[in-house]
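Worksheet: the structure to be examined is printed underneath.
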Amino acid sequence: MYSKQEAAQLKKEFWTIFGQYMTPVLSAEGERLSWVNYKTGEKNIFFRLHADNKKAVIAIELTHNGAGIQQLYFEQFLQLKKLLEDAVGEEWIWQLHTMDDCGKTISRIYTELQSVSIFTREDWPKLISFFKPRIVALDEFWSNVKYAFEAMR
């Protein structure tokens, strides 16, 4: 078991290593970007990477205030589901109006890898192999569809 400080240090170290590993990878539009803290350019639409002591998750999270507007954006993603699945090469889990860790209502489209721990250095190659192709695929997907969301502003 790790102390809070040790756990925070391991997480920081993993995300730093992952960020360094991803630095040479250019976006679909040929630009350098922060893969760990991916910016969609759209308020309340986030690409999240998360790892803890049990699993890793990559997600599209919609954090709009108001169930109606959040549902509207979720439905727009549903219209693009085939494009997303083609980009990532797999089916993801779709959740309309679920709770995040802070108790806020969000909508989430995600996939996860079970039985890995960010606190086990031996799992880091599995985590990187899980995150890298999916965040790159999300970027490719987003570069093709973001204009549909700009029109919704």
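If you go through region 72-82 one residue at a time, do you hit one that is buried (at least 16 other Cβ atoms within 10 Å of the Cβ), among the hydrophobic types (A, V, I, L, M, F, W, C), in contact (Cβ under 8 Å) with a residue 40 or more places away in the chain and over 11 Å from Phe141 (Cβ atoms)? Taking every residue of region 72-82 in turn, none turns out to be buried (at least 16 other Cβ atoms within 10 Å of the Cβ), among the hydrophobic types (A, V, I, L, M, F, W, C), in contact (Cβ under 8 Å) with a residue 40 or more places away in the chain and over 11 Å from Phe141 (Cβ atoms). Please work out which one of (1) buried (at least 16 other Cβ atoms within 10 Å of the Cβ); (2) in contact with a strand residue (DSSP E or B) (Cβ under 9 Å, 6 or more places away or on another chain) is the condition Val136 fails and give its number. The one condition Val136 does not meet is (2).
Selection of region 139-153 for residues being surrounded by fewer than 21 Cβ atoms within 10 Å (Cβ to Cβ) and modelled with pLDDT of 95 or more yields Glu140, Phe141, Ser143, Asn144, Val145, Lys146.
Among the listed residues Glu13, Glu42, identify the single one that is free of Cβ contacts under 8 Å to residues at least 40 places away in the same chain and either farther than 17 Å from Asp100 by Cβ or over 13 Å from the mean Cα position of the chain (by Cα) (or both). Working first, answer last.
On the way: Glu42 fails: free of Cβ contacts under 8 Å to residues at least 40 places away in the same chain.
Residue meeting the stated conditions: Glu13.
Only one of the numbered conditions (1) part of a helix (DSSP H, G or I); (2) of a type in the set (Gly, Ala, Ser); (3) closer than 12 Å to Ile135 by Cα is not met by Ser34, and that is (1).
Among Thr105, Thr111, Thr98, which is the only one that is of a type in the set (Ser, Thr, Tyr), free of Cβ contacts under 8 Å to residues at least 24 places away in the same chain and either at positive phi or touching a strand residue (DSSP E or B) at 6+ places or on another chain (Cβ under 7 Å) (or both)? Steps first, answer last, please.
Values: Thr105 fails: free of Cβ contacts under 8 Å to residues at least 24 places away in the same chain; Thr111 fails: free of Cβ contacts under 8 Å to residues at least 24 places away in the same chain.
Just one listed residue meets the conditions, Thr98.
The values are calculated or read from the model by the stated rules, or taken from the named source; none is laboratory data. No experiment lies behind these values; they were computed from the predicted model shown. With ideal geometry, Cβ positions are generated from the backbone for all residues, glycine too; neighbour counts draw on all protein chains shown.
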